[in-house]
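For reference, the structure is listed below as structure tokens.
Where a number appears in this text, it was derived from the coordinates with a stated rule and is not lab data. The structure displayed is predicted, hence computed values, not measured ones. Cβ placement follows ideal geometry from the backbone for every residue including glycine, while neighbour counts extend to all protein chains displayed.
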Amino acid sequence: MTSKNSIRAAVVGVGHLGREHARILSKLSGVELVAVVDVDKARAEAVASATGSRPLSDLSDLNGDIDAVSVVVPTVLHEKVSVPLLERGIGVLVEKPLAPSVAEAERILAAASCSGATLAVGHTERYNPAVEAVRSLVLNPRFIEGHRLGTFTDRSLDIDVVLDLMIHDLDLTLSFVKAEVTAIEAVGVPVLTDRVDIANVRLRFSSGCIANLTASRISRERVRKVRFFQENSYVSVDFTEQDAESWKLVGAKGQEPSIQGGKLPVVRAEPLERELVDFVSAVRERRCPMVSGEDGVRAVALAHRVTEAMKVGPQVRQEIGTKWK
């Protein structure tokens, strides 16, 4: 590293989301954004000019003392870009999903494990302040209902809606429910592309919890919400508005119970900035980030179990819930 407190960073892929990574990294204290890399030379030059970094059009040109790299290329290129960086001992943040397949995700993780480099995965909702506000309140959820709906765009069409959008809620659910998935029932429909554009899954966990998640990239409105139901308690999160609510049944034995609660205090902040601050800190301190490579692999594995469940009849869905353990 350049100095004890300075991190030299780069961004590979500066399209719609990558340029946001570059914007934030260029402004973080203790970080020097050295370069941005993109096959579109004009785009790289434009982002580099805006962030005071060097434009590159080929990953092989990213030489020198680099400590941390955000990889924001199409999902199918995640392994190709990430593994050489990790093998060099460079910390890498890979945008979600970690990879399009479990095998690729595991190879990325293996590269990080062999070199000891930091590997973080961009499941940004974990850094949403509203999620932080409810984390300590969701103790033993029995039912989780999530809706992640978006309007159609021409981005991320190399993957289906499960890997594109639903994976946020799959990862979030796994972070709240510390139990094995024992059964999966799912349906997915390709509507505007040749891949699944709208999907619903019902996950049953060994704890008895059931999660019902819906994701769509063809909706007329944008919705990002999740609700948790547990004994005598209800908790909800609106990711977009960064709002959180908690309601519970209160009353001493023999007394008439009452419902108490309301909105929770949430200090609003940009989740992506919080994610990048955590990543840079993890690289500097040589610690595990909040969303680790192992978390990324688990999310990809569950996403593929969901897509497999879409292809089979009800009689074998119970088996899918257990054979991937």
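Distance between the C-alpha centers of the range 268-299 and the range 21-92? Whole Å please.
17
Restricting to DSSP loop positions (anything but H, G, I, E, B) with no more than 16 other Cβ atoms inside 10 Å of their own Cβ, which GluC sites (Glu not before Pro) remain in the range 136-218?
Details: sites: E145, E180, E185; in loops: E180.
Counting only loop positions with at most 16 other Cβ atoms within 10 Å, the GluC sites (Glu not before Pro) in the range 136-218 are E180.
Which entry in [x] 19.8; [y] 25.4; [z] 20.7 is this structure's computed Kirkwood radius over Cα pairs in Å?
[z]
Taking the Cβ of A105 as the centre, find all other residues whose Cβ is under 15 Å away and add up their charges (Lys, Arg: +1; Asp, Glu: -1). Please report the intermediate quantities before stating the final value.
On the way: positive: K80, K96, R107, R298, R305; negative: E79, E95, E104, E106, D171, E294, D295.
Overall, the nearby charge balance is -2.
If neighbour count is taken as other Cβ atoms inside 10 Å, put K263, K248 in order from fewest to most. Kindly include the intermediate steps, with their values, before the conclusion.
Numbers: K263 11, K248 16.
Lowest to highest Cβ neighbour count: K263, K248.
What ranking do H147, H168 get, fewest neighbouring Cβ atoms within 10 angstrom at the top? Let's see the in-between values first.
On the way: H147 17, H168 25.
Result, fewest neighbours first: H147, H168.
Can you give the local net charge around S57? Use residues other than it whose beta-carbon is closer than 10 angstrom to its beta-carbon, Lys and Arg +1, Asp and Glu -1.
Numbers: positive: K41, R43; negative: D38, D40, E45, D58, D61.
Local charge sum for S57: -3.
For the chain, set up a Gaussian network in which alpha carbons nearer than 10 Å are linked by springs, and say which option among S233, S60, S26 fluctuates the most.
S60
Rounded, prolate or oblate: which one fits the range 17-140, using the alpha carbon gyration tensor with axes a ≥ b ≥ c (rounded when a/c is under 1.5, else prolate when a/b beats b/c, else oblate)? If you can, show how the numbers build up before the last one.
Values: a/c = 1.86, a/b = 1.28, b/c = 1.44.
Note, shape of the range 17-140 comes out oblate.
For the chain, with a Gaussian network of springs between Cα atoms less than 10 Å apart, report the residue from V280, V300, V250 with the top mean-square fluctuation.
Result: V250 has the largest fluctuation of those listed.
How many Å³ per residue does the convex hull of the Cα positions in the range 54-114 occupy? Mind showing how you got there, number by number?
Details: hull volume 4.8 nm³, N = 61.
Spread over its residues, the Cα hull of the range 54-114 gives 79 Å³ apiece.
Ranking S53, S29 by Cβ neighbours within 10 Å, fewest first, what do you get? If you can, show how the numbers build up before the last one.
Working: S53 23, S29 8.
Least crowded to most crowded, the residues run S29, S53.
Run down the aspartates and glutamates and flag those whose C-alpha is under 16 Å from the C-alpha of K248, throwing out any fewer than 8 positions away in its chain.
Reachable aspartates and glutamates: E231, E256.
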